[in-house]
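The values are calculated or read from the model by the stated rules, or taken from the named source; none is laboratory data. These figures come from a predicted structure and were not determined experimentally. Heads up, the Cβs are rebuilt from the backbone with ideal geometry, glycines too, and the neighbour counts pull from every protein chain shown. Ligands, DNA and RNA are stripped out before the accessible areas are found, and what is left, the full protein with its side chains, is counted by its heavy atoms. Shrake-Rupley method; radii C 1.70, N 1.55, O 1.52, S 1.80 Å.
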Amino acid sequence: MKNAIIGYPRIGAQRELKFWIEDYFKGKLSKDDLEKHAKNLRAIQWQAIKDADIDYIPCNDFSFYDGMLDTAMMLNVIPAEYSALGLDTIETYFAMARGYQGKAGDVKARPMKKWFNTNYHYIVPCIEEVAFKLNSAKLIKEYKEALSLGIKTKPVVIGGFTFLKLAQYSGNISLSTCLEQVADIYSLISFALFN
């Protein structure tokens with residue numbers, strides 16, 4: 001019998017990720033160093049899972065903030081107020097998670113909501129237009145990172161219907177108007193990973 005886990009705590013044995021992100025926001029840690037530390041943490045965690053003899057090792061379960069926010073970025077669901085800031089990918093990500101006040105503008109963080117009946121809160125994505133596109137950079141990067149360490153992983157992705165069901169909509173857009181496009185994008189994910 002084979003075994004699997006759907007994810008691994010991403011924060012680190014000593015809550016390192018939390019402190020790195022705080023240091024990044026205080027200007028004590030560069031974006032490159034934050035990425036480097038995160039990469040090292042992922043390698044340690046994948047090795048720990050492999051050493052535990054887990055057959056299906058997850059990847060893409062790591063997040064700087066939240067899996068729903070990661071999925072929003074993967075589907076290019078970025079509200080106009082954040083894309084108008086002209087920030088790079090990670091700064092746009094953190095602007096949606098924590099807000100942004102700086103030279104590029106001033107925006108509040110996206111609202112949070114409880115993940116079903118748990119005490120975990122997720123960032124609520126806002127779908128303003130039906131202009132989805134696959135941005136699989138994070139997913140592919142982490143999959144290839146693990147492969148470079150000799151560890152074959154199984155990507156973990158929040159399902160398209162779950163994402164749409166938990167999203168907020170603007171204007172005449174609804175789950176039903178988005179479903180087909182999102183289904184098409186999800187069908188591209190395995191192609192993006194394995195080709």
Run the simple label-point estimate for residue 88 and residue 6 please: 7 Å along Cα→C-beta, distance reported in nm. 3.4
Peptides 130-143, 15-28, 60-73 ordered by average Cβ neighbours within 10 Å, highest first: 60-73, 130-143, 15-28
Can you list residues whose amide H is under 5 Å from residue 154's amide H, if they're 5+ apart or on another chain and H is modeled 1.01 Å from N? 57, 59
Check which residues have an amide H placed less than 5 Å from residue 121's amide H, if you skip close sequence neighbours. 115
Pair residue 168, residue 106: separation of 7 Å Cα→Cβ label points (nm): 2.0
Tally up the carbon and sulfur contribution to the accessible surface of segment 40-195 as a whole percent, 1.4 Å probe, everything protein left in place. 54
222 nm [θ] for the chain, helices only, -39500 (n - 2.57) per DSSP H run of 4+, per residue, to 500? -14500 deg cm²/dmol
Taking the Cα centre of each part, how many Å lie between segment 132-195 and segment 11-77? 18
Segment residue 195-residue 47, length gained on full extension (0.36 nm per residue, minus Cα span): 50.8 nm
Charge-dipole axis of the chain as Lys and Arg at +1 and Asp and Glu at -1 on Cβ define it, positive-most pick from 140, 73, 97: 97
Å² per residue, accessible surface of the chain at 1.4 Å: 56
For segment 17-87, what is the charge dipole size about the Cα centre, in debye to the nearest 20, if Lys and Arg each add +1 at the Cβ and Asp and Glu each add -1 at the Cβ? 260
Helix by helix, which DSSP H runs in the chain go 27 Å or more along their axis at the Cα atoms and have an average Kyte-Doolittle hydropathy of 0.5 or more? 175-194
Translational diffusion coefficient of the chain at 10 °C, 1.306 mPa s, Stokes-Einstein with Kirkwood Rh over Cα pairs, in µm²/s as a whole number. 89
Please compare each pair in 108/138; 26/144; 138/165; 36/138; 31/114 to a cut-off of 20 Å on the Cα-Cα distance and tell me which ones are over it. 108/138; 26/144; 138/165; 31/114
Give, rounded to the nearest 20 debye, the magnitude of the charge dipole that the chain has about its Cα centre when Lys and Arg contribute +1 at Cβ and Asp and Glu contribute -1 at Cβ. 340
As I understand it, the dipole of the chain uses +1 on the Cβ of Lys and Arg and -1 on the Cβ of Asp and Glu, about the Cα centre. Which of 187, 149, 44 lies farthest toward its positive end? 44
Sequence-distant or interchain residues sharing an amide H contact under 5 Å with residue 169, placed H: which? 127
Find, to one decimal place in angstroms, the Kirkwood hydrodynamic radius of segment 79-182, where the mean of 1/r is taken over every pair of different Cα atoms and then inverted. 15.9
Bounding extents of segment 18-74 in its principal axis frame from Cα atoms, largest first in Å, are 39, 25, 16
